[in-house]
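Working notes, beginning with the structure itself.
The values are calculated or read from the model by the stated rules, or taken from the named source; none is laboratory data. Remember, predicted model here, so these are calculated numbers, not experimental data. Cβ: placed from backbone, ideal geometry, glycine included. Neighbour counts: every protein chain shown. What goes into the accessible areas is simple: the full protein's heavy atoms, side chains included, and nothing from ligands, DNA or RNA. Shrake-Rupley method; radii C 1.70, N 1.55, O 1.52, S 1.80 Å.
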Amino acid sequence: MRGLMMDSALTITSIMRHADSQHSGREILSVTHDNARHRYTYGDAFRRARQLASALSGLGLDSFDRVATLAWNDHRHFELYYAISCAGYVCHTVNPRLFAEQIVFIVNHAEDRCLFLDPMFVPLIEDIIDRVKGVEHFVVLSDRKHMPETSIPGALCYEELLDSGEADFEWPDLDENAASSLCYTSGTTGNPKGVLYSHRSNVLHSYASALPDTMSLSASDCVLPVVPMFHANAWGLNYSVPMVGAKFVLPGPMAADPATLVELLENEQVSIAAGVPTVWLGLLQHLENEGRTLSSLNRTLVGGAACPLSIMDEFREKHGVDTYHAWGMTETSPLGTVCAPKDGFENLGHDEQQHVRAKQGRPPYGVELKVVNDGGELQPTDGKAFGALKVRGSWIADAYYKLDESDAFDEHGWFDTGDVATIDNDGYMQITDRTKDVIKSGGEWISSIELENVAVAHPDVTEAAVIGVPHEKWTERPVLIVVPAADADLSRDTVLEFMDGKVAKWWMPDDVVFVEEIPHTATGKVSKLRLREQFHDYQLPA
Ligand code: AMP
């Protein structure tokens, strides 16, 4: 017997309609190259998205054609998210920080027919234009007055294109399982792989991410996504924030500038901000140098890489800000877990609380996790047994775009994340490494992440990364690479003394090397691949 309930499609269009009818007057502030503080409302944004969708249909696109964006977090990018997906095309966000070769691969693989780009990326496209022949239209995200000089043939001006659209464009009825958007993984090895999201997966992900134990979003919030819209949908905030009707603050090309971030956080009275740990490191350092504290921010969502406890402590103690440590990946839309406390957490001692906080957290309803050993057997959930982390659920990829086979997906519908993790009795998952970064010493595994967390807790350590280097007897041994704070007087021995007793003896790094900078990937994570290349000839001390 079927239930007798309405079957309204879970589409991104329905999020837009809801936000437009319930939160039309709520503000979106955006930083763009042509306006340092652009202000308008959800009502304005969706009116413009409708006109833009009409203009897109005038470009001769077919259903589900891919339309690419190469853009920062600003109001135009926000409009594109809705105009493209709700008009029945696929919004393909491209990461401008990738190498040119990767961008060429991605645009060609996706068969993008149209590409919207921020003026800043005009030179990048001019350089590769001969290698992305399938793109028929290039649209620069600008008004006419600020259009840059360009050799891109027939480059269109965004504001003019939008003005050419009809205001009464009718949004098509879409199947909730229809493709809505596409994002490629950063692909540290091999070619990037495409994750093709559906309307339904995005809507369910938004519902879950707004829950109290995930991001706890509400109409009274003011949200600042530092995490880019070109990487895993800015953690879904482009959908969940309008869904609840929170104010949206978009930092545009200034997202990496701590001074602008502080000004936006304070002037706009931001209550929640989301970003990777390196962003918060820079922000906290800036606040310290300026002797300032934050007045309105009450929580940050930190993910993309392990969040050191030192960041959480500083946020809480100096600024009264709670940290929600989250884990996810492009393939998981990206929300997989958030470290929200369970009942009884407040009764734990300080050390026990810190032990929980360091974990990546537990999955919301809609996501299942398991950890298996090399033989595929389920590992005990004792918080100690390591293994490959597998995941499945309503917003987890089931296959890669145009890739017939991948070892990552098994016959029981589980996706192998490539992460190594533990799960404890309470369901909290903790990432100990990427499969390819784990250090294998004497047949046992050493967690590089745990060592890094301990090292960055030293007040004079700005950033730390641990890699395994070959060892005749033990196969591999850990080496700690440290960026010291400015004017710090650090030595190998002072760092090792600080770590002594905080990790198992046999986990202690065999050496500490000081560098000025640690290489990062296009998504702001430490690039262990490049570090290993850099330390290729490194010899452990005798
Ligand atoms: P991406 O698909 O580029 O977002 O990368 C996803 C990967 O980032 C995951 O598979 C993890 O290895 C890593 N990652 C994401 N969040 C965390 C976290 N909170 N702690 C440790 N690693 C993380």
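Sort out which residues of region 169-201 are away from the ligand (no atom under 16 Å from the Cβ) and among the polar types (S, T, N, Q), and write them in order of number.
N177, S180, S198
Which residue pairs have Cβ atoms closer than 9 Å, lie 6 or more positions apart in sequence or on different chains, and pair a first residue in region 312-325 that is open to solvent by 50 Å² or more (accessible area, probe 1.4 Å) with a second residue that is of a type in the set (F, W, Y)?
Pairs that qualify, where the first residue is open to solvent by 50 Å² or more (accessible area, probe 1.4 Å) and the partner is of a type in the set (F, W, Y), are E314/W280; D322/F315.
Please state which of the following conditions F105 fails to meet, knowing it meets all the rest: (1) among the hydrophobic types (A, V, I, L, M, F, W, C); (2) open to solvent by less than 40 Å² (accessible area, probe 1.4 Å); (3) not in a loop (DSSP other than H, G, I, E, B).
Of the numbered conditions (1) among the hydrophobic types (A, V, I, L, M, F, W, C); (2) open to solvent by less than 40 Å² (accessible area, probe 1.4 Å); (3) not in a loop (DSSP other than H, G, I, E, B), the odd one out for F105 is (2).
Please report, ordered by residue number, the helices (runs of 4 or more DSSP H) entirely within region 171-244 with at least 1 residues that are hydroxyl-bearing (S, T, Y), at pLDDT 95 or above and touching a helix residue (DSSP H, G or I) at 6+ places or on another chain (Cβ under 9 Å).
Correct list: 199-210, 237-244.
If G375 meets every condition in (1) open to solvent by 20 Å² or more (accessible area, probe 1.4 Å); (2) in a strand (DSSP E or B) apart from one, which number is that one?
(2)
Of (1) within 16 Å of the ligand (Cβ to nearest atom); (2) buried (at least 24 other Cβ atoms within 10 Å of the Cβ), S240 satisfies all except one. Which?
Of the numbered conditions (1) within 16 Å of the ligand (Cβ to nearest atom); (2) buried (at least 24 other Cβ atoms within 10 Å of the Cβ), the odd one out for S240 is (1).
Taking region 61-83, which residues are part of a loop (DSSP other than H, G, I, E, B), over 23 Å from D257 (Cβ atoms) and not charged (D, E, K, R)?
Residues satisfying the conditions are L61, S63, F64.
Can you tell me which of L335, L309 is in contact (Cβ under 8 Å) with a residue 60 or more places away in the chain and touching a Lys or Arg at 6+ places or on another chain (Cβ under 9 Å)? Even if it seems obvious, please write down each step before you answer.
Numbers: L335 fails: touching a Lys or Arg at 6+ places or on another chain (Cβ under 9 Å).
After ruling out the rest, the residue left standing is L309.
Rundown of residues vs (1) under 30 Å from L10 (Cα atoms); (2) surrounded by 18 or more Cβ atoms within 10 Å (Cβ to Cβ), yes/no style:
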| residue | (1), (2) |
| --- | --- |
| R97 | no, no |
| E111 | yes, no |
| D130 | no, no |
| R144 | no, no |
| E149 | no, no |
| G154 | no, no |
| D163 | yes, no |
| A167 | yes, no |
| S180 | yes, yes |
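Write out, first by first residue and then by second, each pair whose Cβ atoms fall under 8 Å of each other, whose residues are 6+ apart or on separate chains, and whose first residue, in region 399-417, is farther than 21 Å from F386 by Cα while the second is within 14 Å of the ligand (Cβ to nearest atom) and part of a loop (DSSP other than H, G, I, E, B).
The qualifying pairs are Y400/K193; Y400/A408; Y401/K193; L403/K193; S406/K193.
The rows are residues; the columns are (1) modelled with pLDDT under 95; (2) outside the structural domain of A210 (by TED's automatic domain parsing); (3) under 20 Å from the mean Cα position of the chain (by Cα).
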| position | (1), (2), (3) |
| --- | --- |
| G349 | no, yes, no |
| A358 | yes, yes, yes |
| D374 | yes, yes, no |
| G383 | no, yes, no |
| L389 | no, yes, yes |
| R392 | no, yes, yes |
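Filter region 268-302 for residues that are modelled with pLDDT of 95 or more, β-branched (V, I, T) and in a loop (DSSP other than H, G, I, E, B) and give the result.
V270, T293, listed by residue number.
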